[in-house]
1. Once you have the Kirkwood Rh of the chain from its Cα pairs, apply Stokes-Einstein at 25 °C and 0.890 mPa s and quote D in µm²/s.
2. Restricting the count to DSSP beta bridges whose residues both fall in the chain, what percent are antiparallel, rounded to a multiple of 5?
3. Work out how much length ARG45 to ALA6 would gain on full extension: take 0.36 nm times their residue separation and subtract the Cα-Cα distance, in nm to one decimal.
4. Binning at 10 angstrom from zero up to the longest distance, how are the C-alpha pair distances of segment 20-63 distributed in percent?
5. How high is the relative contact order of the chain, in percent, with contacts defined as C-alpha pairs under 8 Å that are six or more residues apart?
6. Compute the distance in nm between two label points, each set 7 Å from the Cα along the Cα-to-Cβ direction, one at ASP17 and one at PHE70.
7. With runs of 4+ DSSP H residues as the only contributors, calculate the mean residue ellipticity of the chain at 222 nm using -39,500 (n - 2.57) per run, divided by the residue total and rounded to the nearest 500.
Amino acid sequence: MYGDAATVRKILTGTGDTWAVVGLSNNRSRAAYGVAAVLRRFGKRVVPVHPKAETVDGERGYASLEEIPFPVDVVDVFVNSDLAGAVADEAVAKGAKAVWFQLGVVDEAAYERTREAGLDMVMDRCPAIEIPRL
């Protein structure tokens with residue numbers, strides 16, 4: 001596990017409520033869609049980041065983190081592990097406070113880089129599973 005219970009709690013309750021969900025589209029069969037719905041139920045603003053830049057549940061989507069014209073607190077990553085490191089680097093450049101790699105998304109080098117840049121990070125866990133436990 002990457003990200004202890006204190007880090008999970010901090011990200012979910014104290015880091016901020018604007019979450020960019022990378023990989024979120026209107027495809028309701030994808031895990032990102034269900035997780036985004038849970039995050040919204042717990043008061044998070046969920047900003048979709050996907051190449052299609054679709055509006056999802058009323059929130060305008062963007063093709064990249066860089067295109068989002070406002071601050072983002074947490075970047076939740078639903079891309080394949082081989083693409084996740086680049087997204088973590090974009091999150092650092094964007095000024096995010098934390099990065100969350102979903103279940104099955106693992107890049108140890110990206111984890112180390114992101115932590116060294118001063119961001120909190122959780123890897124290979126799901127916020128939709130963790131947030132109801134708090």
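Derivation of every value follows stated rules applied to the coordinates shown; laboratory data play no part. Computed from a predicted model, the values in this text were never measured in an experiment. Heads up, the Cβs are rebuilt from the backbone with ideal geometry, glycines too, and the neighbour counts pull from every protein chain shown.
1. 172 µm²/s
2. Approximately 10 percent, going by the DSSP bridge assignments.
3. Separation in residues times 0.36 nm, less the Cα-Cα distance, equals 11.8 nm.
4. Calculated over all Cα pairs of segment 20-63, the distribution is 35, 60, 5 percent.
5. 26 percent
6. With each label placed 7 Å out from Cα toward Cβ, I get 1.1 nm.
7. On the way: 5 runs with 47 residues, N = 134.
Roughly -10000 deg cm²/dmol at 222 nm, from the helical runs in the chain.
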